[in-house]
Amino acid sequence: MDARDVIVAPRITEKAMADALSQQYTFVVHPHATKTQIRHAIEEIFKVNVLHVNTLNVRGKSRNFARRGRRTTGRQSDYKKAIVTIKPGQKIELGGVNYFEQ
Amino acid sequence: MTSSTLTRLAPTQVALEFSITGQEIAAAEERAFRKLAKNVRLPGFRKGKVPRKIFEQNYGTDALTREAMDEVVPQVYAKAIAEHDLQPVERPTLEILEEDEGRPTRVKATVEVRPPIELRNYKGVAVSRPATPVTEADVESSLRALAKERATLVPVQRAAALGDVATLDYAGTVDGAPFEGGTASGQVTELSEGRFIPGFVAGIVGMTPGEKKSIDVTFPDDYSAPHLAGKPARFDVTLQDLKEYELPALDDEFAKAVSPHHSVDELRADVRRRLEAVAAARARRIVANAVMTQVLAAHEFPLPASMVESELDRLVEETPPAGESGKSDAGERRQSLRAEAESRVKASLLIEAIAKAEEISATPADVAAELEALSRRYGQPAARIRSALGNNVFSLMDGIVRNKTLDFLVDNAVVTVNEETSGPAS
């Protein structure tokens, strides 16, 4: 798998922003990616040294829709989330913009 | 920190150039961000918790810069205005001369300012005004008018005279054909010239009730219906009925009935007082106009074009089109009103300058008195009027200052009363 296929997108949320201060960067990754693949992908894309990779599978929430008397349910997609700890002093920037910095 | 340079483009127009430092902009942008971010909702963040980077990524830096400029430029502009002691008459036209990464650093503001007015000779202006005496005859005619309101109409059998009330049937023809409005029956009218076409009433005078007569008249050339103007007409008139006014006697009873006074002498004195007040007010107005005319003539200064234009707009709005045809086109009307607009602007600038020089201002007491007067006129409590006015209270104050200044001019004028001439002064 190519590095760009492993890493789907950065996860930019309040929590991710806060974690970035302690060198932990959060990404949405391919559901079948392993920690090792993630480590290599991050190191290749961002040219940083990865210390730890923590992953978890996020189950999409189910949503109810009531439209004109008909009720349907849907589900948000499941995805895998990876929290990558990198070497102190290094940082990750996206497209020249340091997303993870306040 | 900020410095501005002033260039006079025209007597009433200046260009101000001022620079804005990076720190000023940065500080303002930070404030702008805090203000805007409060209401921003982006996925992944609670409302108002969006970091600046993310905000800029989503909305662009322009939004912040614009917001910051809206804050900074007016401030800097106001400072520059104060620095050069200018009195602008309108909003400035802003132009960005230099910018750095989309942030203006040098701004040029072009604005019209009040011209410097060199005041002279506005005190002790010599004017003469016609005497406005209140004569015994004036009092009598006022009393008679009062009496007429309470007069009773009594039928008489005699030749009609001016001032009688007649009941008429008439049929008018022009060139042998009846015309619109020319026929009536049973019309009750007071016989006085001026209500009808000339000659009509004169023809009725002398008729006795029941009499029939044909009256030949000619429509005046400037008659309002153009197809009748200047044409001869014949009216067949029947005087059905004739009444005259029987005036009540001018005695104490009458005085009690028409006024809170107890005797006719008191009433007479009161009428005289009122007439004298009206005459005094008229005299004062004449003097005020004369003083203003002289003071205006004594001063010459350039008028800000934008003030003249907006005054002209107002005048065009107010003045109904000349002539019922309304043929004269807008441009022509504007041109014809221009002189009037210019003199109005000149007068108001001058009055403002004099008020400033004499430190005439609207005191809270003046405002309260004016509100009181308005409250009486509209029958509303003063507090209600005050809140209804809102910011218009400033134009109310302007009006007060204007009147006080005019009073000041009149009080300081040297007035000579011209005994011979009467009637309106030029």
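The values are calculated or read from the model by the stated rules, or taken from the named source; none is laboratory data. Here the structure is a predicted model, which means the values were calculated and not measured. Positions of Cβ are generated from backbone atoms using ideal geometry, with glycine treated the same way; all protein chains shown enter the neighbour counts. All accessible areas refer to the heavy atoms of the entire protein, side chains included, with ligands and DNA or RNA removed. Shrake-Rupley method; radii C 1.70, N 1.55, O 1.52, S 1.80 Å.
Miscellaneous remarks
- Residues in segment B:396-404 carry Karplus couplings, in order, of 4, 5, 4, x, 5, 4, 4, 5, 5 Hz; the curve used is 6.51 cos²θ - 1.76 cosθ + 1.60 with θ = phi - 60°, and Gly or Pro positions show x.
- Within 10 Å of each Cβ in A:10-17, the average number of Cβ atoms from other chains: 4
- FRET efficiency estimate (nearest 0.05) - Cβ-Cβ, residue A:32 to residue B:398, R0 56 angstrom: 0.10
- Of B:292, B:397, B:307, the residue with the greatest mean-square motion in the GNM of chain B, using alpha carbon springs below 10 Å, is B:397.
- Distant-in-sequence amide H partners of residue B:231 (H built 1.01 Å from N, under 5 Å): B:219
- Computed from backbone phi with θ = phi - 60° and the Karplus coefficients 6.51, -1.76 and 1.60, the 3J(HN,Hα) list for segment B:377-383 is 5, 9, x, 10, x, 4, 5 Hz; x is used for glycine and proline.
- Amide H contacts of residue A:58 (H built 1.01 Å from N, under 5 Å, at least 5 apart or other chain): A:79, A:80, A:81
- Relative to the longest principal axis of the Cα atoms of chain A, helix A:35-46 runs at roughly 70 degrees.
- Grouping the Cα pair distances of segment B:255-421 into 5 Å bins from zero gives a pair-distance distribution of 1, 7, 11, 11, 13, 15, 15, 12, 8, 4, 2, 1, 0 percent in increasing distance order.
- Applying 0.36 nm per residue to the separation of residue B:332 and residue B:369 and subtracting their alpha-carbon distance, the gain on full extension is 9.1 nm.
- For a label point 7 Å along the Cα-to-beta-carbon line of residue B:212, residues of segment B:143-171 with backbone N under 16 Å: B:168-171
- For chain A, calculated [θ]222 nm from helices alone, where every DSSP H run of n ≥ 4 adds -39500 (n - 2.57): -6000 deg cm²/dmol
- Dividing the radius of gyration of the alpha carbons in the protein assembly as shown by their Kirkwood radius gives 1.25 for Rg/Rh.
- Helix-only mean residue ellipticity at 222 nm for chain B, each DSSP H run of n ≥ 4 adding -39500 (n - 2.57), per residue, nearest 500: -15000 deg cm²/dmol
- Distance between modelled label sites at residue A:49 and residue B:256, nm, 7 Å Cα→Cβ extension: 12.0 nm
- Chain pair B, A: total accessible area buried, heavy atoms, 1.4 Å probe, Å²: 800 Å²
- Secondary structure note: in the protein assembly as shown, about 95% of the DSSP beta bridges are antiparallel.
- Amide N of segment B:147-184 lying under 13 Å from the label point, which is placed 7 angstrom from the Cα of residue B:190 along Cα→Cβ: B:147-153, B:162-166
- Taking chain B and dividing mean pair separation by its residue count, relative contact order in percent (alpha carbons under 8 Å, at least six apart): 18 percent
- For residue A:1 and residue B:27, a Förster radius of 41 Å and the Cβ-Cβ distance give a FRET efficiency of 0.25, rounded to the nearest 0.05.
- Between residue B:174 and residue B:63, the distance separating the two model label sites (each 7 Å from Cα on the Cα→Cβ line) works out to 7.3 nm.
- Efficiency of FRET between residue B:319 and residue B:241 - r from beta-carbon atoms, R0 35 angstrom, step 0.05: 0.20
- Degrees, to the nearest 10: B:22-37 long Cα axis against longest axis of chain B: 70 degrees
- Applying both filters, DSSP loop and at most 11 other Cβ atoms within 10 Å, to the GluC sites (Glu not before Pro) of segment B:261-316 gives B:300.
- Averaging 1/r over each pair of different alpha-carbon atoms in chain B and inverting the result gives 29.7 Å, the Kirkwood hydrodynamic radius.
- Sites matching trypsin sites (Lys or Arg not before Pro) across segment B:1-91 that sit in DSSP coil, with at most 11 neighbouring C-beta atoms within 10 Å: B:38, B:41, B:46, B:47
- Scaling the Cα radius of gyration of segment B:4-112 by the globular reference 2.2 N^0.38 Å produces a ratio of 1.29.
- Label point distance in nm, residue B:83-residue A:9, each placed 7 Å from Cα along Cα→Cβ: 4.9 nm
- Additional length obtainable on full extension of the chain from residue B:277 to residue B:229, 0.36 nm per residue less Cα span: 13.0 nm
- In a DSSP loop and with at most 11 other Cβ atoms within 10 Å, there are no chymotrypsin sites (Phe, Trp or Tyr not before Pro) in segment B:159-207.
- The long axis of helix B:264-298 is offset from the longest Cα principal axis of chain B by roughly 50 degrees.
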